[in-house]
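Quick notes on the structure that follows.
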Amino acid sequence: MFARIRRLLLGKPLPTARQMHERLPKFLALPVFASDAVSSVAYATEEILLTLMVIGSAAWGVSLPIAGAIAILIAIVATSYRQTIFAYPSGGGSYTVAKENLGTIYGLIAAASLLTDYTLTVSVSVAAGVAAIISLDPGLAQHVTAMGVLAVLFVAFINLRGVRESGALFAPPTYVFVATLCTLIVVGLMKVFSGHVTPVVADPAGWAKGFAESEGHHFGGIQTVGMFLILRAFASGCSALTGIEAIANGIPAFRPPESKNAATTMTWMAAILAVLVLGITYLAHAYHVFPAEHETVISQLARTVFGRGWFWYTIQIATAAILILAANTAFQDFPRLAYILAGDRFAPRQLANRGDKLAFSNGILMLALVAALLIVIFHGDTTRLIPLYAVGVFVSFTLSQFGMGVRQTNARHKGWRARAGLSFFGGSVTCVVALVIAVTKFIHGAFIVILVIPFLVWVFYRIHGHYIELGKKLRLTEEEFEEPEPVMSTSIVLVSSIHKGILPALQYARSLSDDCRALYIEVDDIESTMLKERWPKFGLDIPLVILESPYRTITDQLLRYVDEAKKDRPNHTITVVLPEFVVGKWWHKMLHNQSSLLIKLAMMTRRDIVVTNVRYFVDE
């Protein structure tokens, strides 16, 4: 039944030979790997203005150079990652670059930062998307947590079906979002140039004063634009860069030539990000838009440029969709990074397994579980989740770019000075951004991420140490090889009554050892009496031991008996044989207890104990 349900939900399994055919062309790879970065445009300008609006109309003038600086940073980071794509075509991004050029510890810091950021990307983007949906129908606000968890499970489910299927499903909303924003920018600019602009905020000075008083601020005018405020606004707007590294991590998912296609997609993504950030920020300046409590900057712009008609609804729905689907980028890259870490023995080996749909199923499920848990803990509140966001990704940016700078300096290929200089400059800028985010958002929750990253690095080292130590203990050399001693065995058959299913188990146990006995744990007097009467005839001359169980527990009494048998025969391997009959229909299984499973779990930690099932198939 479960296999049929799995096939129905996830589709037919894919053979390994299909792996090449499951790779993505550029037009599908862009929405798969860029949905996180593209979606951040929905709130990047808003975050800049939210920081600056205490200075009134001066905020619009200051926001433009900040947006320009962010666009330049996008170009720098994208150029650096293009170099990474060609230098490390097997993927791995910041982790691989930092590990090979700066050292293992820096690579693990980058990995911990990215895994943390990917998890928060899912939680934040889904929470923001749900908030956009609720803005259309406030009556859904009471279901915000449930909607968030369901959205996470939906995105995880689609990714479990395979890379191509998730790309085909998520591509239309991403392209619709980009198309609607580009349309908004073009039409908005046409109205600006033609002089048909209606300011959203008619009295910026009065509005800012009222805001400052309501928020307890005492700023006034352009004099308040200090370096710290500009840096804070710049750091907030740098949320537009989150997810930009995803393509460098997922190069193996591209069609050949992988590096060339990935680099081209990176260029497309960077161009889209820069245009949208600059365009939205300029329109906010031209139309005098400030963030409002119940309406986003993009919503205000769309309403002002097009009116509250079908286009406004389209852009709202597209924004909600892209924010939820931004989680797809994390679902692509978290499992791939976990796979690489598992290959280097810094993560559990289960994360290196591909599912039958050629997706890293265990990584997908782990990400979905943790992200859903965060949504439950923070009640799907975007405001409470965002302070945790973006610290990790800028740490990984910094380490990646410094790592590429070191690589280029050591390799000294043609043009290495310019490339290394670009990488070191970009790393310095992202380092400053990471520090500003950490300082300005520390008390609001960023301290959690700052503590989680070193904890994860410690966990990575513990896992690695376990695998190394285990490998040493299991390694077999000619010097250590000794002829194994003959195995002496004692077999114990656990019986519940006399029936056809018992006989194969008794025969098997007798074939293992001359020291064989049957064990019945008495929980029913009537059954015990019947067993004693029938055993001499049907017990195959195997001795029967009956133990009383005052508290009617089978497992405890069996463990005591096995321990006593082991004491009496310290050099013997004790084999516990569990008879099991198999019924024909799936629902019949639910009518029988699963005591053999509990017994096997209880025996797992016992030395020199073998537990085996002998099945008897009941014909229907």
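Report the charge-dipole magnitude of the chain in Debye, nearest 20, computed about the Cα centre from +1 at each Lys and Arg Cβ and -1 at each Asp and Glu Cβ.
The dipole of the chain has a size of about 1660 debye.
Take 523-533, 93-103, 343-353 and order them by the average number of nearby Cβ atoms within 10 Å per residue, most first; the result is 93-103, 343-353, 523-533.
Sorted on the mean count of surrounding Cβ atoms within 10 Å across their residues, most packed first, peptides 119-128, 296-305, 547-556, 149-158 read 119-128, 296-305, 149-158, 547-556. Projected label points at Asp514 and Asp381, each 7 Å from Cα along the beta carbon direction, are separated by 7.5 nanometres.
How big is D for the range 483-620, in µm² s⁻¹ as a whole number, if Stokes-Einstein is applied with the Kirkwood radius of its Cα pairs at 10 °C and 1.306 mPa s?
101
For the chain, with all protein chains in place and a probe radius of 1.4 Å, 62% of the accessible heavy-atom surface sits on carbon or sulfur. Placing pseudo-labels 7 Å out from each Cα toward the beta carbon at Arg560 and Val192 gives an inter-label distance of 8.4 nm. In this structure the chain gives 48 Å² per residue of accessible area when probed at 1.4 Å with all protein chains present.
Calculate, in nm to one decimal, what Asp525 and Ile542 gain on full extension: separation in residues at 0.36 nm each, minus their alpha carbon distance. Please list the in-between numbers first.
On the way: separation 17, 0.36 × 17 = 6.12 nm, distance 2.15 nm.
So the chain would gain 4.0 nm between Asp525 and Ile542.
Let a ≥ b ≥ c be the square roots of the eigenvalues of the Cα gyration tensor of the range 258-318; is it rounded (a/c under 1.5), or, if not, prolate (a/b larger than b/c) or oblate? In terms of gyration-tensor shape, prolate. The alpha-carbon positions of the chain define a convex hull whose volume is 218 Å³ per residue.
Computed from the C-beta positions of Met227 and Phe481, the FRET efficiency with R₀ = 60 Å rounds to 0.30. Can you compute the FRET efficiency between Val439 and Leu474 using 1/(1 + (r/R0)^6), with r the Cβ-Cβ distance and R0 = 45 Å? Round to the nearest 0.05. After rounding to 0.05, the efficiency reads 0.40. Note on Tyr339: accessible area is roughly 90 Å² with a 1.4 Å probe, heavy atoms of protein only. With unit charges on the beta carbon (Lys/Arg positive, Asp/Glu negative), name the residue among Val297, Tyr88, Ser39 whose Cα is farthest towards the positive pole of the charge dipole of the chain. Projecting each Cα onto the dipole axis, the largest value belongs to Tyr88. Around the amide H of Val493, modelled in the peptide plane, lie the amide H atoms of Arg517, Ala518, Leu519, Val577, all under 5 Å away and 5 or more residues distant in sequence or on another chain.
Phi angles across the range 240-252 convert, under the Karplus curve 6.51 cos²θ - 1.76 cosθ + 1.60 with θ = phi - 60°, into 3J(HN,Hα) values of 5, 8, 4, x, 5, 7, 4, 5, 5, 7, x, 3, x Hz, Gly and Pro given as x. Between the beta carbons of Leu597 and Ile448, assuming R0 = 35 Å, the FRET efficiency works out to 0.35 to the nearest 0.05. From helices alone, the chain scores -21500 deg cm²/dmol at 222 nm; the rule is -39500 (n - 2.57) for each run of n ≥ 4 DSSP H residues, then divide by the residue total.
The values are calculated or read from the model by the stated rules, or taken from the named source; none is laboratory data. As the structure is a computational prediction, the values presented were derived from the model and not from experiment. Ideal geometry is used to build each Cβ from the backbone, glycine not excepted, and the neighbour counts take in all protein chains shown. Ligands, DNA and RNA are stripped out before the accessible areas are found, and what is left, the full protein with its side chains, is counted by its heavy atoms. Shrake-Rupley method; radii C 1.70, N 1.55, O 1.52, S 1.80 Å.
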